[in-house]
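Notes follow once the structure below has been shown.
The values are calculated or read from the model by the stated rules, or taken from the named source; none is laboratory data. Predicted, not measured: the structure shown is a model, and the values here were computed from it. Here Cβ is always computed from backbone atoms with ideal geometry, including for glycine, and neighbour counts include all displayed protein chains. To get the accessible areas, we keep the full protein, side chains included, count just its heavy atoms, and leave off ligands, DNA and RNA. Shrake-Rupley method; radii C 1.70, N 1.55, O 1.52, S 1.80 Å.
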Amino acid sequence: MKRVIIVAGQSNGLGVGSRVNLLPQMLQRPQPKALLWNQTTWLDLPSLTQWLPLQPPTWQLGNQTGFGPELSLAYNLVQATGEEIRIVKIAQGNTSLAVDWRAGNGRLYQLLVARVRTVQAQLRMQGETPELVGIFWMQGESDMFRADWAGAYPRHFRTLITSLRRDLDTPNLPFITALPSTPYPYMAQIRAAQLAVSRQLPQVGVTDTQGLPLLPDGHFSELGQVQLGNRFARAWQTQTRTAHQAALGDSSPLPASTLTPAPTGSATFELLALLVVGAQLIRPWLRGT
């Protein structure tokens, strides 16, 4: 069984403006148990058709490179589960759920489904059984600029989740969304839509991006991307543990979370660089979740 996760969204899911040299060494090194599909390609460029150990940069667009939340997300999941993780990433800046990600005919929706199906087929050809274990969604800012897009977001978001589960033949696929917090005109409506759908559909978890460190242009900083990956991992573990408890009953809970609690100190790369690799997870070192 090969566990596969999907990272999708727009610029903050991509990691626009992120600089690899500002990462701590522990995240600059290859992660042997976290493998990324198409590590050095972007969208429609020729595929590497192979898995490579996860290592920044995880995307390239012209002469720009960077990384997103997948680095700390994968590190946390591997440490928490002890199992190898495969990552498929599809993200592009300035893309909307109303158009680009719209279920069925959206360009990026179609690309995501096609890419994941290719990955599944490739793993099966190698005699492996792919298991989709999570989608991590960082999107919503582009839909904040138009009243009609924001008004349709609840319907589009619900359809996105149900359609992906159907088209990827994984009806209980956990879907984790990060509530966008960029103060654009219809931010409150997009956040409310994501929260509402998370309460309507099973296996939809939520984390928040409020308080993440930012670059001057408003995108998440390098530390912000690391913290976003940590928050995604914590939300995924909470969601999957809750789902298992519902299935097993409260008399048979899963073991307590191995994710360490967040310290209350300030968030700095100096603290990050001092963390010990091994049995310990990357500590979120941020207030709350």
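Taking the stated definitions as given, is Leu160 touching a Ser or Thr at 6+ places or on another chain (Cβ under 7 Å), in contact (Cβ under 8 Å) with a residue 40 or more places away in the chain and not acidic (Asp, Glu)? No, not satisfied. Does Thr207 meet the test of being over 18 Å from Ala103 (Cβ atoms), not in a loop (DSSP other than H, G, I, E, B) and not aliphatic (A, V, I, L, M)? Answer is yes for this residue. Filtering the range 2-17 to residues that are open to solvent by 10 Å² or more (accessible area, probe 1.4 Å), within 21 Å of Leu223 (Cα to Cα) and of a type outside the set (A, V, I, L, M) leaves Ser11, Gly17. Residues that are open to solvent by 20 Å² or more (accessible area, probe 1.4 Å) and farther than 21 Å from Ala192 by Cβ do not occur anywhere in the range 137-156.
Looking only at the range 113-132, residues that are part of a loop (DSSP other than H, G, I, E, B) and open to solvent by less than 30 Å² (accessible area, probe 1.4 Å) come to 0 in all. For the range 231-251, the set of residues classified as open to solvent by less than 70 Å² (accessible area, probe 1.4 Å), modelled with pLDDT under 85 and either outside any helix (DSSP H, G or I) or small (Gly, Ala, Ser) (or both) consists of Ala243, Gly249, listed by residue number. For Ala98, the stated conditions do not hold, so it cannot be described as surrounded by 24 or more Cβ atoms within 10 Å (Cβ to Cβ), among the aliphatic types (A, V, I, L, M) and within 23 Å of Leu168 (Cα to Cα).
Condition check: touching a Ser or Thr at 6+ places or on another chain (Cβ under 7 Å) and open to solvent by 30 Å² or more (accessible area, probe 1.4 Å). Does Gln203 satisfy that? Criteria not met by Gln203. Give me a count of the residues in the range 173-200 that are assigned to a loop (DSSP other than H, G, I, E, B) and either open to solvent by less than 10 Å² (accessible area, probe 1.4 Å) or in contact (Cβ under 8 Å) with a residue 24 or more places away in the chain (or both). Total meeting the criteria: 8. Specify the residue that is surrounded by the fewest Cβ atoms within 10 Å (Cβ to Cβ); the eligible residues are those in the range 101-112 that are in contact (Cβ under 8 Å) with a residue 24 or more places away in the chain and more than 16 Å from the chain's Cα centre (by Cα). Looking at residues that are in contact (Cβ under 8 Å) with a residue 24 or more places away in the chain and more than 16 Å from the chain's Cα centre (by Cα), I get Gly104.
Taking every residue in the range 221-235 that is within 11 Å of Asn12 (Cα to Cα) and pairing it with any residue that is part of a helix (DSSP H, G or I) and open to solvent by less than 10 Å² (accessible area, probe 1.4 Å), at least 6 positions away or on another chain, yields no pair with a Cβ-Cβ distance below 7 Å.
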